[in-house]
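Written below as structure tokens is the structure these notes are about.
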Amino acid sequence: MAIVSRKPRNASLRFQQFIKYEDLTKKDPEKSLLAPLPKTGGRNAYGRITSRHKGGGAKKLYRIIDFQRKHKNVPGVVRAIEYDPNRNLPIALVYYSNGAKAYMLKPENIKVGDAVMSSEKAEAKVGNCLPMRSIPVGFFIHNVEMYPGKGGKIARSAGCSVQLVAKEDDKAILKMPSGELRYMGLDNWATIGVLSNADYRNMVLGKAGRTRHLGIRPTVRGMAMNPVDHPHGGGEGRSKSGSHPTTPWGKSCKGARTRTRKSALIIKRRK
């Protein structure tokens, strides 16, 4: 995978960059692993906006990813690497020896024909899923469970990984992508390896239309609003009335901590 710049044949192509997926092997998704993906526009069941700047976007079907790696002790083989419009990294289609098929997130250096397995006794190699009790200290992992059996929740986007720093009693110490150090149970499962497509964060979208295709609506500055809409709104010319930067709901934007209580699992908080 590499970042490709287009020839500036017109103004909209001048700054655009794209990810060139060189290792994709299958164009059409597995039909049995597709699900509809209705749009919410960022609104809840009452029609109220609970997540701003969402709406529109290209029509997509959801690819059902096996975050639990539920086919335990069953050998599997990677049969295809596919594009997933719902996430920023490719996915791998795995055929298991019991006849099951499943999608998993694609780590670096996984290719078609590689064997993968989810087992307590599996080898500690890229693509295999094990409980942290069985993973050697120092390894980089992804798709980490917060609670046993609930499926991976941490480190699931392009280029992400968590480092297993140490083990103490029945807890593992993990270094998160944010730099935070925290405890996690040794019975939680994780997949070994660093996720692919780390170049994604360096890509330049290049025009407003591409963010609209992704379902992202425009973000308006608070200073450009009226006083009824934002604490920064109103005033003659460019004025913010001398107040500290705040959200539309009056909460501080200057690095104020928002946690209501301290977590005993966090050893060192993120910067």
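At a glance:
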{"quantity": "Test result for A80, farther than 30 Å from K171 by Cα, in the same structural domain as G185 (by TED's automatic domain parsing) and surrounded by 14 or more Cβ atoms within 10 Å (Cβ to Cβ)", "calculated": "yes"}
{"quantity": "Any chance R52 is surrounded by 15 or more Cβ atoms within 10 Å (Cβ to Cβ), in a loop (DSSP other than H, G, I, E, B) and assigned by TED's automatic domain parsing to the domain that holds G151", "calculated": "no"}
{"quantity": "Total residues in the range 1-41, condition under 14 Å from I81 (Cβ atoms) and surrounded by 12 or more Cβ atoms within 10 Å (Cβ to Cβ)", "calculated": "9"}
{"quantity": "The one condition in (1) touching a helix residue (DSSP H, G or I) at 6+ places or on another chain (Cβ under 9 Å); (2) under 22 Å from I81 (Cα atoms) that K121 fails to fulfil", "calculated": "(2)"}
{"quantity": "Some residue of the range 98-114 being among the basic types (K, R), in contact (Cβ under 8 Å) with a residue 12 or more places away in the chain and assigned to a loop (DSSP other than H, G, I, E, B)", "calculated": "yes"}
{"quantity": "Residue in the range 3-20 that is nearest to T211 (Cα to Cα), counting only those that are among the β-branched types (V, I, T) and touching a helix residue (DSSP H, G or I) at 6+ places or on another chain (Cβ under 8 Å)", "calculated": "I19"}
{"quantity": "Verdict on N98 being within 16 Å of the chain's Cα centre (by Cα) and polar (S, T, N, Q)", "calculated": "no"}
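Here's the yes/no breakdown for (1) under 23 Å from G56 (Cα atoms); (2) more than 22 Å from the chain's Cα centre (by Cα):
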position: K207; (1), (2): yes, yes
position: G215; (1), (2): yes, no
position: P231; (1), (2): no, yes
position: G255; (1), (2): no, yes
position: T260; (1), (2): no, yes
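The values are calculated or read from the model by the stated rules, or taken from the named source; none is laboratory data. As the structure is a prediction and not an experimental result, all values here were calculated from the model. Positions of Cβ are backbone-derived with ideal geometry, glycine not excepted, and every protein chain shown enters the neighbour counts.
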